[in-house]
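Structure record follows, encoded as structure tokens.
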């Protein structure tokens, strides 16, 4: 795992590096430290990383300037900051986790465990996805995405207006950012179960879902049982709320 630490206080950066090495051990392939916003932006342009550990206050500069472009990348971002008033905003824009200072090794361990989680923490799911379009960063509300489709190491976002845009993260990387109602119905498709109209059984172990927008998507035979159980549970909850 390739780690970039962006922290303007060098002793703090070295401490985070030490703790990260203790937590990840043999999973670490490299850890690099940058102390300014400009040097961090340059490093991210030149070098591939898997996880960015980011402070939001960099020599009185706002780390959100880096954050909004960072979350559009193929790597995950974990914020480590005393600026807890911006935690919800950071989650909404797509950080994997927000660790308040003073941090400790247990809190850092929990953040790295989220790399393998099946969905975002309750109440801390992404509301927007930042997508690179040329030299610009486009902010897309999650509610405007009909479904996600795998595109090799990238992901196609199929939007409600019919357009398709490409996100640099894979479906596997997007899952820990999304709320629990998002379901990977197939190795190539991820969808909000609230947007499913019905399940279509074709026979021979083949199944589809028909979305409320009209699209038909395939469902893996390994997933169909869990998907039906999830939809039944939603119906039960809806019935109790009426």
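The values are calculated or read from the model by the stated rules, or taken from the named source; none is laboratory data. Bear in mind that the values here come from a model prediction, so they are computed numbers and not experimental data. Cβ coordinates were reconstructed from backbone atoms using ideal geometry, including for glycine residues, and neighbour counts include every protein chain displayed.
Worth a mention:
- Scanning the range 140-179 for residues that are crowded, with 19+ Cβ neighbours inside 10 Å, in a loop (DSSP other than H, G, I, E, B) and free of Cβ contacts under 8 Å to residues at least 60 places away in the same chain yields a single hit, 178.
- Residues of the range 196-220 that turn out to be outside any strand (DSSP E or B) and either under 20 Å from residue 161 (Cβ atoms) or modelled with pLDDT of 90 or more (or both), as a count: 5
- Residue check, residue 129 under 24 Å from residue 172 (Cβ atoms), at pLDDT 90 or above, surrounded by 19 or more Cβ atoms within 10 Å (Cβ to Cβ) and under 14 Å from the mean Cα position of the chain (by Cα): yes
- Candidates are the residues of the range 59-81 that are out of contact with any strand residue (DSSP E or B) (no Cβ under 7 Å at 6 or more places or on another chain) and without any contact (Cβ under 8 Å) to a residue 60 or more places away in the chain; the one that is surrounded by the fewest Cβ atoms within 10 Å (Cβ to Cβ) is 60.
- All conditions but one from (1) surrounded by 12 or more Cβ atoms within 10 Å (Cβ to Cβ); (2) more than 21 Å from residue 177 (Cβ to Cβ); (3) touching a helix residue (DSSP H, G or I) at 6+ places or on another chain (Cβ under 9 Å) apply to residue 192; the one that does not is (2).
- Taken as a whole, the structure leaves residue 234 outside the set of residues that are surrounded by 16 or more Cβ atoms within 10 Å (Cβ to Cβ), assigned to a helix (DSSP H, G or I) and either modelled with pLDDT of 90 or more or touching a helix residue (DSSP H, G or I) at 6+ places or on another chain (Cβ under 9 Å) (or both).
- Of all residues making up the range 93-102, the number that are more than 10 Å from the chain's Cα centre (by Cα) and not in a loop (DSSP other than H, G, I, E, B): 3
- Subset of the range 102-120 (residues that are surrounded by 15 or more Cβ atoms within 10 Å (Cβ to Cβ) and modelled with pLDDT under 90): 114, 115, 119, 120
- Complete set of residues in the range 22-36 that are loosely packed, with under 14 Cβ neighbours inside 10 Å and farther than 19 Å from residue 82 by Cβ: 22, 25, 26, 27, 29, 30
- Selection within the range 22-43 - out of contact with any strand residue (DSSP E or B) (no Cβ under 7 Å at 6 or more places or on another chain) and closer than 20 Å to residue 97 by Cβ: 22, 23, 24, 25, 27
- Flag for residue 99 being in the same structural domain as residue 26 (by TED's automatic domain parsing), within 20 Å of residue 64 (Cβ to Cβ) and surrounded by 14 or more Cβ atoms within 10 Å (Cβ to Cβ): yes
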